[in-house]
Amino acid sequence: MPGSRVIYQNWIVELGLDPLKIKNFFDMIETGSEKSAEIDRQVRHAMEGLSEDEMEFVIRFYFMGQGYNEISDKSGRANHKLEALHKRAIRKLKSRLQPFVKRSFGIKIKKGRACLICDSPQRAKIDRIILKKKPEETWSPVMKRIREKFGLKIKSPQTLIGHQKYH
């Protein structure tokens with residue numbers, strides 16, 4: 001599929017921007033219509049929520065048209081690490097842009113695997129319990145507190161770790 005990807009806005013390097021220091025990347029892009037300005041604002045907001053590594057990958061891959069091998073050579077990361085970074089970044093962008101896409105275009109994005117915690121009306125309280133966990137503490141007491149207080153049956157610590165890391 002590498003040949004089928006459209007290279008979009010590969011002029012970024014010509015502007016003298018260094019993708020490693022690209023925090024203000026979107027300040028350089030001009031917008032046209034009011035609709036495209038709103039799309040631009042929403043994408044900027046979603047991109048700001050990514051980590052620096054994720055943002056760098058998205059800009060290099062989607063805006064500059066670089067492939068995994070080229071990004072791997074420049075960043076020193078293995079391809080399988082870039083694939084995981086890619087999936088994580090797209091998952092975060094999809095999640096953050098979902099309300100805007102539904103509201104503006106009437107398109108409901110199918111959720112992947114549902115997150116018990118994100119779908120809970122008590123999410124803020126659960127997040128506070130998760131954040132109170134001490135590094136030396138195991139996840140068992142946290143899972144027990146959540147089960148007792150909110151009735152959520154979390155089967156493994158990976159559910160909590162994944163929620164904490166990706167949501």
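Scanning the range 59-92 for residues that are under 24 Å from residue 115 (Cα atoms) and in contact with a Leu (Cβ under 8 Å, 6 or more places away or on another chain), we see that the one that is surrounded by the most Cβ atoms within 10 Å (Cβ to Cβ) is 89.
List the helices (runs of 4 or more DSSP H) inside the range 73-167, counting only whole elements, that have at least 3 residues being in contact with an Asp or Glu (Cβ under 9 Å, 6 or more places away or on another chain).
On the way: elements: 79-105, 123-131, 140-150, 157-166.
Hits in the range 73-167: 79-105.
No other residue among 155, 149 is farther than 30 Å from residue 58 by Cβ, touching a Lys or Arg at 6+ places or on another chain (Cβ under 9 Å) and at pLDDT 85 or above apart from 149.
The values are calculated or read from the model by the stated rules, or taken from the named source; none is laboratory data. Everything quoted here is computed from the prediction, not taken from an experiment. As a convention, Cβ positions derive from the backbone with ideal geometry for all residues, glycine included, and neighbour counts pool all protein chains shown.
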